[in-house]
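In what follows, a single structure is set out as structure tokens and then discussed.
The values are calculated or read from the model by the stated rules, or taken from the named source; none is laboratory data. Nothing here was measured: the structure is a model prediction, and the numbers come from that model. Counting neighbours? That spans all protein chains shown, and the Cβs are built from the backbone with ideal geometry, glycine included.
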Amino acid sequence: MGEVKRRKGETFDALLRRFQRHVQTSGKILQAKKIRFLGKKMNRNKRRESALYREDKRQNYDYLLKTGQIKDEPPKRR
């Protein structure tokens, strides 16, 4: 974190502006956003398990739909 010391006779607004400029130029904000919004990649086995799970659920849904055990409803709008 950037550190800015208050100068003699400096107003709080000026100190805050100087701090914000210091943080902006240091690139800490961009780095924090990259870390926050970029998810970690799944390994190969996790991706495979997830794909198999989705395929199994889709096949089960299609089977229940064909046999008439569930009704085909249009998706609800939020």
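Pairs meeting the criteria (first residue in the range 25-38 and within 20 Å of residue 3 (Cα to Cα), second residue of a type outside the set (Lys, Arg) and loosely packed, with under 10 Cβ neighbours inside 10 Å, beta carbons under 9 Å, at least 6 apart or on different chains) are 28/1.
Cβ-Cβ distances below 6 Å connect no pair with a first residue in the range 49-68 that is on the phi > 0 side of the Ramachandran plot, a second residue that is of a type in the set (Gly, Ala, Ser), and a separation of six or more residues or different chains. In the set (1) part of a loop (DSSP other than H, G, I, E, B); (2) at pLDDT 90 or above, residue 54 fails one condition alone, (1). If the condition is being more than 22 Å from the chain's Cα centre (by Cα) and of a type in the set (A, V, I, L, M), then the range 31-78 contributes 52, 64, 65, 70.
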